[in-house]
Amino acid sequence: MKILNKSDKELLLKSIRTVEDFPKPGISFKDITTLLGDEKAYTFLMNHLKARYENQNIDYIAGIESRGFIFGASLATMLGIKFVPIRKPGKLPYTTISEKYSLEYGVDEIQIHIDAFKCEKENPSVLLIDDLIATGGTAKAAVTLINKAGAKCKEACFVINLKFLNGDEDIKKITSVYSVLEID
Ligand code: AMP
């Protein structure tokens, strides 16, 4: 499994645009559309993830709406495995199960189809993907949801970890965590 060196990380970091005060004052938003628009960086990232996760006996990739769909679905096709979307409430058409989580102010919720992990295997192995981990609330709820739906979350993978928020600490108690880039 290849470990990224400093110049590999620089290539990826350089491709991600930071937009200050979006979507509200004080937020430094990491815009991955510029990474997607940089074919060298995007291909490099996806090949790195493929090398990390092939031959790991992963049955499904679950991606968190919406940027987790881009990386998750790309990787699922590269690995030849199944993809499952984890969505905001009211988006999935069939019977769902839900998990609520706290925000700075109020609560939010994510959902998954009740039969999302129905395959020939009992307790299939799932890799969770999102573009970024901040406080970790969304990802923690997603891991809980995957496990509730009868699967086992083997690892949670993020392109960017805002390390200074320590969002990965809680998630490490329930699954393994891999962040391609850490921002201090
Ligand atoms: P959290 O639940 O706090 O870990 O937030 C993670 C979710 O919010 C991810 O789906 C991210 O795409 C999004 N997000 C949070 N903070 C940022 C940020 N600074 N830049 C880009 N996306 C963010």
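Given TYR94, TYR105, which one is part of a loop (DSSP other than H, G, I, E, B) and within 13 Å of the ligand (Cβ to nearest atom)?
TYR105
Among the residues of the stretch 27-43, write down those that are open to solvent by 10 Å² or more (accessible area, probe 1.4 Å) and aliphatic (A, V, I, L, M).
ILE27, LEU36
From the list ILE86, ILE146, ILE129, which one is assigned to a helix (DSSP H, G or I), within 16 Å of the chain's Cα centre (by Cα) and buried (at least 22 other Cβ atoms within 10 Å of the Cβ)?
Every option except ILE146 fails the conditions.
Considering only the stretch 89-106, state which residues are open to solvent by 100 Å² or more (accessible area, probe 1.4 Å) and not hydroxyl-bearing (Ser, Thr, Tyr).
LYS91, PRO93, LYS100, GLU104
Given the conditions (1) more than 30 Å from LEU13 (Cβ to Cβ); (2) near the ligand (Cβ under 8 Å from one of its atoms), report the number of the one that ASP130 does not fulfil.
(1)
Give all pairs with beta carbons closer than 8 Å in which a residue from the stretch 48-61 that is free of Cβ contacts under 8 Å to residues at least 40 places away in the same chain meets a residue that is open to solvent by 10 Å² or more (accessible area, probe 1.4 Å); count only pairs at least 6 apart in sequence or on separate chains.
If the second residue must be open to solvent by 10 Å² or more (accessible area, probe 1.4 Å), the pairs left are LYS50/MET78; LYS50/LEU79; GLU54/LEU79.
A quick yes/no check of all residues on (1) over 30 Å from LYS148 (Cα atoms); (2) hydroxyl-bearing (Ser, Thr, Tyr); (3) away from the ligand (no atom under 15 Å from the Cβ):
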residue	(1), (2), (3)
ASP8	yes, no, yes
PRO23	yes, no, no
GLY26	yes, no, no
ASP38	yes, no, yes
ALA41	yes, no, yes
SER66	no, yes, no
MET78	no, no, yes
PHE83	no, no, yes
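Using beta carbons and a limit of 6 Å, which pairs, at least six apart or on different chains, have the first residue in the stretch 1-16 and under 17 Å from LEU35 (Cα atoms) and the second one charged (D, E, K, R)?
The qualifying pairs are SER15/ASP38; ILE16/LYS30.
Looking at the stretch 44-59 only, could you name the residues that are over 14 Å from VAL180 (Cβ atoms) and either in contact with a helix residue (DSSP H, G or I) (Cβ under 8 Å, 6 or more places away or on another chain) or open to solvent by 50 Å² or more (accessible area, probe 1.4 Å) (or both)?
Within the stretch 44-59, GLU54, ASN55, GLN56, ASN57, ILE58 meet the criteria.
Can you tell me which residue is most open to solvent (accessible area, probe 1.4 Å) among those in the stretch 62-78 that are in a helix (DSSP H, G or I) and in contact with a helix residue (DSSP H, G or I) (Cβ under 6 Å, 6 or more places away or on another chain)?
Filtering the stretch 62-78 for residues that are in a helix (DSSP H, G or I) and in contact with a helix residue (DSSP H, G or I) (Cβ under 6 Å, 6 or more places away or on another chain), the one most open to solvent (accessible area, probe 1.4 Å) comes out as MET78.
Among the residues of the stretch 122-168 satisfying the criterion of being basic (Lys, Arg) and free of Cβ contacts under 8 Å to residues at least 60 places away in the same chain, which is farthest from LEU103 (Cα to Cα)?
LYS152
Does ALA116 qualify as being over 14 Å from the mean Cα position of the chain (by Cα), at pLDDT 95 or above and open to solvent by less than 40 Å² (accessible area, probe 1.4 Å)?
Considered against the rule, which asks whether it is over 14 Å from the mean Cα position of the chain (by Cα), at pLDDT 95 or above and open to solvent by less than 40 Å² (accessible area, probe 1.4 Å), ALA116 comes out as yes.
The values are calculated or read from the model by the stated rules, or taken from the named source; none is laboratory data. Computed from a prediction, not measured in an experiment: that's the story for all the values here. We place every Cβ from the backbone using ideal geometry, glycine too, and count neighbours over all the protein chains shown. Protein only, heavy atoms only, side chains kept; ligands, DNA and RNA dropped before computing areas. Shrake-Rupley method; radii C 1.70, N 1.55, O 1.52, S 1.80 Å.
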